[in-house]
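The values are calculated or read from the model by the stated rules, or taken from the named source; none is laboratory data. Predicted model only: the values in this text are computed from it and were never measured. Positions of Cβ are backbone-derived with ideal geometry, glycine not excepted, and every protein chain shown enters the neighbour counts. Accessible surface is based on the protein model in full, side chains and every heavy atom, while ligands, DNA and RNA are left aside. Shrake-Rupley method; radii C 1.70, N 1.55, O 1.52, S 1.80 Å.
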Amino acid sequence: MRSDGFDDASRSRDELESHPVPDDVDPEEWTLRVTGAVSRPLCLSRDDVVALPDGELTDDFTCVEGWRAQDLSWRGVRVETVLSRASPRAAARYVLVHAMDGDYASAFPIDRARDALLAFELDGEPLPVEHGGPARLVPTDDGADCWESIKWVTEIEVLETEPASRDTAEEIALDRVSTTDR
Ligand SMILES: Nc1nc2c(c(=O)[nH]1)N[C@H]1C(S)=C(S)[C@@H](COP(=O)(O)O)O[C@H]1N2
Ligand SMILES: [Mo]
């Protein structure tokens with residue numbers, strides 16, 4: 001055991017909680033689209049995304065429910081790399097990031113989104129579908145909320161104005177928590 005009480009043999013990814021994978025998540029059908037206020041809308045396959053220049057980040061993950069996973073090593077592509085290939089219009093200010101599980105989506109100011117990682121590897125292995133594979137958004141700023149770490153990201157919608165009613169990630173995430181083990 002290490003002095004902090006964590007067993008050396010357990011990988012940090014095992015500290016992430018396992019949640020059921022919703023039925024509408026099908027990794028075989030996965031593509032990444034960049035839509036909205038861009039000059040070149042994109043639809044990328046997994047191979048296309050993996051071929052982009054990569055970036056990495058090691059960080060802890062904390063859920064509002066009170067659990068934490070330490071030292072997660074993410075590898076993926078910077079959202080900036082994907083966005084720049086789509087040429088956002090000059091007036092672009094926000095992105096709405098959509099997932100494969102229905103209405104789950106969260107809005108970010110575009111500069112905050114540019115810094116995030118679109119991760120497709122965790123601890124040196126392909127990101128398992130139960131933790132958001134093929135691709136999970138990993139915000140890089142300290143103040144990020146757990147529901148902003150969006151699993152099964154499938155679309156980045158670029159917007160010129162801030163969306164309101166379609167920012168559903170917090171609502172859906174908290175609703176799932178309250179209907180399961182609370
Ligand atoms: N698409 C999607 N992403 C999501 C969620 C979700 O329900 N759907 N839940 C969020 C919440 S509240 C948490 S704590 C983490 C859980 O990640 P894990 O299942 O890998 O432990 O995913 C976040 N991202
Ligand atoms: Mo969470």
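If we only count helices (runs of 4 or more DSSP H) wholly inside the range 67-182, which ones have 3 or more residues that are within 14 Å of ligand 1 (Cβ to nearest atom)?
169-179
Quickly run through the range 32-47 and pick out the residues that are of a type outside the set (Lys, Arg) and exposed (fewer than 15 other Cβ atoms within 10 Å of the Cβ).
SER39, PRO41, CYS43, SER45, ASP47
Inspect all residues belonging to the range 99-108 and state whether any of them is of a type in the set (Phe, Trp, Tyr) and within 16 Å of ligand 2 (Cβ to nearest atom).
Scanning the range 99-108 turns up at least one residue that is of a type in the set (Phe, Trp, Tyr) and within 16 Å of ligand 2 (Cβ to nearest atom).
If I filter the range 170-177 for residues that are open to solvent by 30 Å² or more (accessible area, probe 1.4 Å) and more than 16 Å from ligand 2 (Cβ to nearest atom), do I get at least one hit? Steps first, answer last, please.
Taking the range 170-177 and keeping what is open to solvent by 30 Å² or more (accessible area, probe 1.4 Å), we get 170-172, 174-176.
Imposing the further condition that a residue be more than 16 Å from ligand 2 (Cβ to nearest atom) reduces the set to none.
No, the range 170-177 has no match at all.
Yes/no per residue for (1) closer than 20 Å to ASP54 by Cβ; (2) modelled with pLDDT under 95; (3) exposed (fewer than 15 other Cβ atoms within 10 Å of the Cβ):
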site	(1), (2), (3)
VAL97	yes, no, no
ALA105	no, no, no
LEU117	yes, no, no
GLU121	yes, no, no
GLY133	yes, no, no
GLU155	no, no, no
ALA164	no, yes, yes
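Looking at the structure I just gave you, is GLY55 surrounded by 15 or more Cβ atoms within 10 Å (Cβ to Cβ), under 23 Å from GLY143 (Cα atoms) and either basic (Lys, Arg) or away from ligand 1 (no atom under 16 Å from the Cβ) (or both)?
So GLY55 fits the description; yes.
For the subset of the range 58-69 comprising residues that are among the hydrophobic types (A, V, I, L, M, F, W, C) and crowded, with 16+ Cβ neighbours inside 10 Å, which member is nearest to THR31 (Cα to Cα)? Show your work before the answer.
Pass one, the range 58-69, residues among the hydrophobic types (A, V, I, L, M, F, W, C): 61, 63-64, 67, 69.
Now narrow it down to the ones that are crowded, with 16+ Cβ neighbours inside 10 Å: 61, 63, 69.
Numbers: PHE61: 26, CYS63: 27, ALA69: 28 Å.
The residue in question is PHE61.
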